[in-house]
Structures are given as structure tokens and as C-alpha cells.
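Derivation of every value follows stated rules applied to the coordinates shown; laboratory data play no part. All figures in this text were calculated on a predicted structure; none of them were measured in a lab. No Cβ is skipped: glycine too gets one built from the backbone with ideal geometry, and neighbour counts run over all protein chains shown.
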Amino acid sequence: MKRGIAVLLSVSVLATVGYFTASKWAIRHETVRLYDSSRGNRLVEVDIAVRRDREMQAEAGMIKLPVAVLNHGNTVKFTEYSFLANVFAARGYMAVSIQHDLPTDAPMVTKAGELYVGRLPQIQRGVANIRFAVEQMRQLQPNADYDHLTIVGHSMGGDISMYFAKQYPDDVRKVVTLDNLRVPFVTDGRFKILSFRSKDPVFKPDPGVVPDDEICEKTGITVVNTDFQHNDMRDTGPDDAKQSIQAMLDKFLADSDSSSAISPVKTKTPLLDPGPVAPYAPVGKAATAAKPLTH
């Protein structure tokens, strides 16, 4: 473990399973179809996940909902990250998952040697979708904080998230990526970053994308190296992968939101006794998470 890092987060998959099973009843999902007239009435679908009690408080003007924007991977649907959206919703966020690709879009052409391997047009389109969706959500749910976003994404969605944070740092509070491969991390320390990395023989980050341990320590970047594969990090992935990611994400949100009124939904169902759990060493490029916990 690197000098100055004394962070060992003991997280329990069993506890997380009990927590989200107990709280799912309180989360509402709704899909909204939006049309961007500035881009030929382009369809931008969003899935909204929100805790019912927090939504009612926001509608009554009692609170402002924190907002998390979720961005899907290439060829993956915006509805395939409910395991992440539910973590944010349970913690009192309004999670907004955006569909970036349409069947009518031209196929992505990648080319080695070009910026982000030629993916810049798709990344910029994703950023435009986020900007449009956020402005539309201001009208649909005005009692939410759209000026301090948490931006989340898997793979290509992680690259969109990191690029958005580079372009609009004043609008971002936190960034969470799952195996983004092309766009280098923001390293100016202006917001917290959590990134899950896969152990995959095919999907590897480009050189310079993930900062070294020293930069991570200085700038508040938490890197979690897992034993999961790249495509495990979505709803179709194995349960142990999703549950481990949920637990680590929930801990990250609990720590970063500890000074606010955000809290998980309270239920009468007790959490399961986690028993002994293996530790995570989540800071630094060389840190390696324990093998996925099973139950």
C-alpha cells in the first residue's frame, strides 16, 4: 500500500443485497421521450429513477434533489444500468439515464492514431445529449440541483462522462466511471472521482487514461481494480460483480455526501449480518480489490 494511504474500506455484498432488496419498493422508474429541436428533433430518451418520498419532498419545495446522470456503453441500452441507478435513487438522488445512440446514427468508425481512436464525434454527441437532457429536466423537476451533477458512465459512457467533466467542470460534483478506456481522467482535483477497472484480456485503457498512484493520492481519485471483466459492469453481468460495485459505490456516496442531508431510505427490514468480509484497497492504480465476495 502506498505511503499516506490508510484507506481500507470493508464492504459487504450480503449487506448490500439486503439493503437494496428492502429499499427497491421505494424507487420509481419512468421513461421520458425528449426531442431536441436544435438537432432535427433528435430523440433523447431518459429513464428517471427516484425515491418516492424524496420526490414528494422535492415537489413540495422542501428539498432539492441531487442529480446523477448515467451514460451507457457503446451498443448498450440506457436501461441496462438499473443496478447503478438504484444505488443513487436509494441515497436520495434523482438518477437520469440517457440513451445516446439511435438506430439511425451512422456507425462508429474507429481508427488507431486519431484522438480517442476516432470516437470524438460520438463523445461530443453524448455531451450534447447530457446538456439537452439536463435543461429539459429543469422543467420537468425544477426542485433538483442541476448545477452540481454527479456524472456516471460505463466504457464509452465513462469516456463521455470524463469529457463532460473536462468541458464543464463547474457543473460537476463527482465523477464515477466503470472501465472508461479513451478519455484521460481529470486530475486538477476539482471534484472527487471513483473508477472501477476491469481485469479483462481484451478491453485495456489507452496509455495515460488512468493516472498513477501519486496523482491519485494528490487529487482525490479512487481507483478500484477488480477481478471482473469489462462487460460484467452492467445489468447483464454476474450478481457478484454488480453487488460488489453497488457496495463500493454506496460507500463512496456515503462518505462524499456525509455533510449533506442525503441518506439511504429507511426501512423496517434489518440488514443481513455480513460476517467476515475481505477488504478493498481502493486508492491508486496498483491497488487490487479482493476477489468478488459470494454468498
With just the Cα atoms of the range 55-106, tell me how far they stretch along each of the three principal axes, in Å, largest first. 45, 20, 12
Quick one: which of Lys199/Lys251; Lys192/Lys251; Lys199/Lys242; Lys192/Lys242; Lys64/Lys192 span more than 18 angstrom between C-alpha atoms? Lys199/Lys251; Lys192/Lys242; Lys64/Lys192
Considering every pair of different Cα atoms, what Kirkwood radius, in Å, is found for the range 9-280? 18.9
Express the relative contact order of the range 9-280 as a whole percentage, based on alpha carbon pairs under 8 Å and six or more residues apart in sequence. 22
With the dipole of the range 9-280 worked out from charges on the C-beta (+1 for Lys and Arg, -1 for Asp and Glu) around the Cα centre, which of Leu65, Ile160, Val76 lies farthest toward the positive end? Leu65
May I ask you to list the residues of the range 157-171 whose amide nitrogen lies under 20 Å from a point 7 Å from Cα along the Cα→beta-carbon direction of Gln124? 157-169
Bridge orientation stat for the range 9-280 from DSSP, antiparallel percent rounded to 5, came to 40
If you place +1 on the Cβ of every Lys and Arg, -1 on the Cβ of every Asp and Glu, and leave all else neutral, what size is the dipole of the range 9-280 about its Cα centre, to the nearest 20 Debye? 480
All other residues with a Cβ under 10 Å from the Cβ of Leu34 taken together, and with Lys, Arg as +1 and Asp, Glu as -1, what is their net charge? -1
